[in-house]
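Everything on this sheet refers to the single structure shown next.
The values are calculated or read from the model by the stated rules, or taken from the named source; none is laboratory data. Only a predicted model underlies this, so the values are computations on that prediction, with no experimental measurement involved. Cβ atoms come from the backbone with ideal geometry, glycine included; neighbour counts cover every protein chain shown.
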Amino acid sequence: MSKKHVFNAGPCLLPQVVYDKAVEAIKDFAGTGVSVLSISHRTKEWDAIMDDTRALWRELLNIPEDYEIVFLGGGASLEFLYVPMNFLEKKAAYVDTGVWAHKAFKEAKGLGNAVEIASSSDKNYNYIPKGYEIPADADYLHITTNNTIYGTELKEDIDSPIPLIADMSSDIMSRPVDVSKYTMIYGGAQKNVGPAGVIFAIIKKDALGKVSRYIPTMLDYRTHIDKLSMFNTPPVFNIFVMHEVLKWIKDLGGVEAMNKINVKKAETLYNEIDRNSMFVGTAVKEDRSIMNVCFVMAPGKENLQDEFMAFAKAAGMVGIKGHRSVGGFRASLYNACTQEDVEALVACMQEFEKLHK
Ligand SMILES: *Cc1c(COP(=O)(O)O)cnc(C)c1O
């Protein structure tokens, strides 16, 4: 089989060393003679993985003492519901930067008074709204830092006068984050830190317990904080793999080093998109995501879209079809994607241009 360059938007590519460790652990977990798929989560060997996974999150993101981190099942989409359940009392403010942001808003609206205070839907979400007013009477402001489908990203940690809650599903661990600016950060693992099936939430502990509604046990973050994410059976294998991904990030030099690598990959691809007469980027330049790079055929070249798709596929490119709401192409350059993968895609775009000159 020829080398494949995987640009899937999620579940994402993971480092080869992580695949190898996962295979090993499926056969024999930590020298126990039992597969990681079959070990009891009530063992000291498993406790050690849970403890170390939390410790790695703390270390890599410099998470302050008064924050807790939990790992759960259900997908980031379930956290759209966890958020209002645990934090919405009188009013919630949401910034609408795409499909995921709007889905998060919908769950809040179902539980109480939620408002979208800014939106980039007027331009098919190709930018991040700025300069909007944050209502002082809202319980929290919800943002989506990276918009996986549209390739826009808020690359700085904004100042919010009210508690800030962020869906960081698709850019977590891609850059340093000032956790202290957020009341909560959450997301699914499958875009940058592991396989599908586990989600994370980093929560400022004293922000919980302020709503008057009944919160079902499983949807109450306090349940999972109190039981160290083992109130019920945790997604054991998924957490194990996430643990290996975090170790890999640490070995590379942490999130600062990861960010340098990611910025370089994104620049390489955006430079080619801007130079190449066959393609144009869809997101406005200042808000371009370093994780999801979206582009379409240049005006007048639209009829060549299917041809480029086939050409790229033959060259080993996997997962570059754009989301149906944007069309064209999307290359997801998550942490495990290498500079070499990006250069292979760039070479493919250059060859395609030559063919059509
Ligand atoms: C993929 C994604 C989600 C949804 O994740 P699921 O785990 O599939 O529910 C939510 N938010 C963002 C930003 C995403 O990229």
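Filtering region 43-60 to residues that are in contact (Cβ under 8 Å) with a residue 12 or more places away in the chain and of a type in the set (Lys, Arg) leaves only ARG54. The single residue among ALA101, ALA108, ALA93, ALA76 that is under 16 Å from the mean Cα position of the chain (by Cα), buried (at least 22 other Cβ atoms within 10 Å of the Cβ), modelled with pLDDT of 95 or more and over 30 Å from ILE49 (Cβ atoms) turns out to be ALA101.
Within region 75-112, the residues that satisfy the criterion of being assigned to a loop (DSSP other than H, G, I, E, B) and within 11 Å of the ligand (Cβ to nearest atom) are GLY75, THR97, GLY98. Being within 12 Å of the ligand (Cβ to nearest atom) and aliphatic (A, V, I, L, M) is not true of MET230.
Evaluate the following for ALA312: is it surrounded by fewer than 22 Cβ atoms within 10 Å (Cβ to Cβ), in a helix (DSSP H, G or I) and small (Gly, Ala, Ser)?
Values: surrounded by fewer than 22 Cβ atoms within 10 Å (Cβ to Cβ): no; in a helix (DSSP H, G or I): yes; small (Gly, Ala, Ser): yes.
For ALA312, the condition - surrounded by fewer than 22 Cβ atoms within 10 Å (Cβ to Cβ), in a helix (DSSP H, G or I) and small (Gly, Ala, Ser) - is not met.
Would you confirm whether any residue within region 14-22 is small (Gly, Ala, Ser), touching a residue at least 60 places away in the same chain (Cβ under 8 Å) and either within 12 Å of LEU246 (Cβ to Cβ) or crowded, with 21+ Cβ neighbours inside 10 Å (or both)? No, every residue in region 14-22 fails to be small (Gly, Ala, Ser), touching a residue at least 60 places away in the same chain (Cβ under 8 Å) and either within 12 Å of LEU246 (Cβ to Cβ) or crowded, with 21+ Cβ neighbours inside 10 Å (or both). Within the option set VAL346, VAL318, being touching a Leu at 6+ places or on another chain (Cβ under 7 Å) and among the aliphatic types (A, V, I, L, M) holds for one residue only, VAL346. Please list, ordered by first then second residue, the pairs with beta carbon atoms under 7 Å, 6 or more apart or interchain, first in region 98-109 and without any contact (Cβ under 8 Å) to a residue 60 or more places away in the chain and within 12 Å of ASP167 (Cα to Cα), second part of a helix (DSSP H, G or I) and among the hydroxyl-bearing types (Ser, Thr, Tyr). Qualifying pairs under 7 Å: LYS103/SER77.
Of the residues making up region 218-270, those that are charged (D, E, K, R) and within 27 Å of ALA207 (Cα to Cα) number 4.
Please enumerate the residues belonging to region 129-170 that are out of contact with any Phe, Trp or Tyr (no Cβ under 9 Å at 6 or more places or on another chain) and crowded, with 24+ Cβ neighbours inside 10 Å. Listed by number, the residues that qualify are THR145, ASN146, GLU153.
Taken over region 188-211, the residue count meeting the criterion of being of a type outside the set (Val, Ile, Thr) and more than 10 Å from the ligand (Cβ to nearest atom) is 11. One residue stands out in region 153-187 among those that are within 15 Å of the ligand (Cβ to nearest atom) and among the polar types (S, T, N, Q): the one that is farthest from ALA114 (Cα to Cα), namely SER174.
In the set (1) out of contact with any Cys (no Cβ under 7 Å at 6 or more places or on another chain); (2) in a helix (DSSP H, G or I); (3) within 23 Å of MET173 (Cβ to Cβ); (4) not acidic (Asp, Glu), the condition left unmet by LYS265 is number (1). Each residue in region 270-286 was checked for being buried (at least 17 other Cβ atoms within 10 Å of the Cβ) and closer than 21 Å to ARG324 by Cβ, and 5 pass. Selection of region 1-30 for residues being away from the ligand (no atom under 16 Å from the Cβ) and at pLDDT below 95 yields MET1, SER2, LYS3, ALA30.
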